[in-house]
Amino acid sequence: MASGLAAASLSASLSAGASSNVITVGTLYANTGSFATSSMPEYAGLQFWVKQVNAAGGMYVAPLKKKEHVRLVSYNDQSDPATATTLYNQLLTQNKVNVFVADFGSVLTAPAVTIAKDQKHLLFDITGSGTSFFSSGPNPYVALTSLPVSAVWPKPVVGLLSKLKIKRVAILYCQNDFDQAQAAAIKGFLASEHLQPVYFQGVPTTQSDYSTIVQAIKGANPQAVLEFGYPNNDIAFLNQLKSTNTHFNFVLTPFPGQLPTLFRQDVGAKALAWGYTYAVPPILRINKVNIGLGLNAFLQKFAPGKASTVNFLNVAGYNAGLAVQAAFAHATSMSQLGIRAGLTAVSGKLQTLEGTFALNKAGAQVGELLPVAQMVPHGAGFQFKIVYPATAAQKAMVNGTPKYPAPKA
Amino acid sequence: MIVAAVLGAGPTLYNNLAFLTTLAIYILLAQGVNIVYGFTGYLPFGFVGFFGAGIYGSSLAIVYWHVGGYTAIGLGALTSVVAAVVLSPLLRLSGAYFALATLAASQALYFIVANESWTFGESGMSLPLIFSPTALYVVAVVAVTVTLIVVFYVRDSHFGLSLRAIRSDAVSAAMAGVNVVRTRTIAWLVSAAIAGVAGALWALMTSAFYAETPFDLTISVYAIVFALFGGVRTVVGPVVGTVVLYSLYQYIGISNPQYFELIYGLLIVVLVLFLPGGLSSLVGGRGDRPAWWNRLVRHRAAPESAPEVAP
């Protein structure tokens, strides 16, 4: 067995890291398990980037002053962080990849962050926005490519609440880093306005029964209800509103914007009508870019004739590839810090289909802020209207005014 | 010593230290299962609870008290032992009831850890790097060596004999003078301590994680499968079972990731069908061996014995 493993590792080394005229990018994906529905679209986006780059003759590698083809080395972690730990190591120690890209979300990214810091190897973290990854000071080996850290997300929500003069806010959040950070940010804003949420309750991330919770929120008589959960929580909460025919004037949930097809199917257009969510690409149509494809071109090339099937995670996977491309194009050397220097050089200047790519010293994404969209009924379905921008640059993208209070469906 | 030497030479054969350290951790867990199930007959489906307790015991000690790596390992083991003491009334149950009760207990531990802010259940644990990967692997090999010595003792000592007597018939063992409650409780605590050490090593290796990972029930399943495949009630069986199956797990995961579950699942089904007593049964007494193996051995031995049976 040991000799088999040794032989496998040797062949992998020869075929990937040691071969010339190729830059190897390692990644993991989950084609089974709880993260599969999110991981696979992200992986498809990254694969698409590799195809695009190689079709163009490779990507420019500044230290070598020439273009190199890209080879993607990938393994299936089956949504298991323990398996991911050994496979991330496999990418670094056996395949000797030049850089590596994390799997979806904070749970599967956590082992990669440890390994990146430990082995001083540059990690491109696509969607692992856990605060703990970026809270221990400057870190040159992790770069969050696609989402701002969780606590930054609600910034435009705060602006919208203020604009609508909403004072009585109910906040329901799941007890995980992603949701709790958002809840705490909103609570902090209200405190600065000398306000307290009329309802502030955490529930386990596994929560699926919201019957008593909805009644309790109703009893607090809020002007706005903010539910911060993962997709399954959002779906369960919205379905509870639907089944009990409960109406609130303002309801925000994070994930309908990222996974509209899933929400249409599991919640229904009628129940989603007039709700608010974060607007991400492809709702957010950014075509003015200085690297890669703009959103419209991406939709056409990624899924010709099926643009409606493209979701944010496809875009996020592709965007991670663009970050890799920019890092090598501006790298000062082929060392890990040299490649990271390339990212620093473009931070704040790179315009991708997700917006401005900007990192802070800890490697957290501080650009690409998400505006707020409202789901406005349209025929038998609904369409997203961006109603509040997160940055001044996004003001031009606003294409609707918030309908408040929300009409009863 | 042979096992320790082989593990020590591991990095020269395959230098993915995360894999090798995880392998050592699973050997510890399989040996923990070996002690509590192999020698006493109590199948702990929720064994992962002790592993998780060790992870959080050591991690919280590092975060709040800034202890060193060795102290953290000791405190991880201690935390698991405390959890085992709290759960020791479960030993009043037996069979499927015991298995299910430990499963429920491990999930209860998970929900406590996952929903408390002082355990960083919400934000995730983030530890400083204390050991280099090489140093941690050396510590893991030492832990495996010490554990194997403990299992040797359990197998060959009067204490081990008592455990096997309890496994066969607790009432008869008690009538023969074995203190059943005390003996099986000691085995329970020892297995928990081993799982706690394994958990602490895992925490030091992983350093950034969320609560769902340490309490993943798959860990229990693997530890039990590895121990059973190698053969329980032996010292080397769980080691061989872990090395073979976990290496295959890694190998298939790398070479054929798209067929991973299919190949690995079929493999385990075939192995369980043809080797129900584990690999160690092949070298055990005739009564322990699978029938097909006895037939094979008899056919091979036939030419030598032919003159004696011929008329």
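The values are calculated or read from the model by the stated rules, or taken from the named source; none is laboratory data. Note that this is a predicted model, so its numbers are computed, not measured. Positions of Cβ are generated from backbone atoms using ideal geometry, with glycine treated the same way; all protein chains shown enter the neighbour counts. Just the protein is used for accessible areas: all its heavy atoms, side chains included, with ligands, DNA and RNA removed. Shrake-Rupley method; radii C 1.70, N 1.55, O 1.52, S 1.80 Å.
Summary table below
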{"item": "Distance between modelled label sites at A:Lys66 and A:Lys242, nm, 7 Å Cα→Cβ extension", "result": "5.7"}
{"item": "Region A:57-103 - percent relative contact order, Cα under 8 Å, separation 6 or more", "result": "22"}
{"item": "Bins of 10 Å from zero: percent of alpha-carbon pairs in region A:170-261", "result": "16, 53, 28, 2"}
{"item": "Net length gained if the chain between B:Leu262 and B:Ala108 were fully extended (0.36 nm per residue, minus Cα distance)", "result": "52.3 nm"}
{"item": "Charge dipole of region B:2-274 about the Cα centre (unit charges at C-beta), most positive-ward option of B:Pro11, B:Ala143, B:Gly160", "result": "B:Gly160"}
{"item": "Gyration tensor (alpha-carbon) shape descriptor, region A:66-130, a/c threshold 1.5", "result": "prolate"}
{"item": "FRET efficiency, 1/(1 + (r/R0)^6) with R0 60 Å, evaluated for B:Leu273 and A:Arg168 via beta carbons", "result": "0.40"}
{"item": "Contact order relative to length of chain A, as percent, for alpha carbon pairs under 8 angstrom and 6 or more apart", "result": "17"}
{"item": "Probe 1.4 Å, all protein chains present, accessible-area order of A:Lys163, A:Lys385, A:Lys361, largest first", "result": "A:Lys361, A:Lys163, A:Lys385"}
{"item": "Projected area averaged over orientations for chain A, convex hull of C-alpha atoms, nm²", "result": "20.0"}
{"item": "Average Cα contact separation per residue, chain B, under 8 Å, 6 or more apart, as relative contact order %", "result": "28"}
{"item": "The protein assembly as shown: calculated mean residue ellipticity at 222 nm from DSSP helix runs of at least 4, using -39500 (n - 2.57)", "result": "-17000 deg cm²/dmol"}
{"item": "Net charge, A:Leu147 excluded, C-beta distance under 12 Å - Lys, Arg +1, Asp, Glu -1", "result": "-4"}
{"item": "Solvent-accessible surface ranking, highest first, for B:Met205, A:Met397 at 1.4 angstrom", "result": "A:Met397, B:Met205"}
{"item": "Hull-based mean projected area of region B:110-166, where the convex hull spans the alpha carbons, in square nanometres", "result": "6.8"}
{"item": "Solvent accessible area, Å² - A:Glu368, 1.4 Å probe, full protein context", "result": "10"}
{"item": "Within 10 Å of each Cβ in A:106-112, the average number of Cβ atoms from other chains", "result": "4"}
{"item": "Most fluctuating residue given options A:Thr109, A:Thr277, A:Thr244, as computed from a GNM of chain A linking Cα atoms under 10 Å", "result": "A:Thr244"}
{"item": "Among A:Pro371, A:Pro256, A:Pro81, residue whose mean-square fluctuation peaks in a GNM of chain A (springs only between Cα atoms under 10 Å)", "result": "A:Pro81"}
{"item": "Dipole magnitude of the protein assembly as shown, debye to nearest 20 (Cβ charges: Lys/Arg +1, Asp/Glu -1, about Cα centre)", "result": "1280"}
{"item": "Computed FRET value (nearest 0.05) for B:Ala176 with A:Gln201, which takes r as the C-beta separation and R₀ as 41 Å", "result": "0.10"}
{"item": "Dimensionless Rg ratio for the protein assembly as shown, taking C-alpha atoms and the 2.2 N^0.38 Å reference", "result": "1.05"}
{"item": "Exposure of B:Tyr249 as accessible area (Å², to 10), given a probe of 1.4 Å and all protein chains", "result": "10"}
{"item": "Overall form of region B:144-272 per C-alpha gyration tensor (a/c, 1.5; a/b vs b/c)", "result": "prolate"}
{"item": "Where a label projected 7 Å from the Cα of A:Ala55 along Cα→Cβ would reach, residues of region A:288-312 with amide N under 19 Å", "result": "A:289-311"}
{"item": "Which of A:Gly229, B:Val178, B:Val82, positive extreme of dipole for the protein assembly as shown (C-beta unit charges)", "result": "A:Gly229"}
{"item": "Nearest-ten-degree value, helix A:211-220 long axis tilted from longest Cα axis of chain A", "result": "60"}
{"item": "Cut-off 14 Å between beta-carbons: net charge of the residues surrounding B:Tyr110, Lys and Arg +1, Asp and Glu -1", "result": "-4"}
{"item": "For region B:59-147, the Rg and Dmax computed from alpha carbons only, in angstrom", "result": "16.0, 43"}
{"item": "Accessible-area order (highest first, 1.4 angstrom probe) of the listed residues A:Trp274, B:Trp65, B:Trp118, A:Trp153", "result": "B:Trp65, B:Trp118, A:Trp274, A:Trp153"}
{"item": "Charge sum, other residues only, whose C-beta stays under 14 Å from A:Phe328's C-beta, Lys/Arg counted +1 and Asp/Glu -1", "result": "+4"}
{"item": "³J(HN,Hα) computed for each position of region A:107-119 - Karplus, 6.51 cos²θ - 1.76 cosθ + 1.60, integer Hz, glycine/proline x", "result": "5, 7, 7, 3, x, 5, 5, 4, 5, 4, 5, 5, 9"}
{"item": "Distance violations [Cα-Cα > 29 Å] among A:Lys120/A:Lys155; A:Lys66/A:Lys301; A:Lys117/A:Lys385; A:Lys187/A:Lys361", "result": "A:Lys120/A:Lys155; A:Lys117/A:Lys385"}
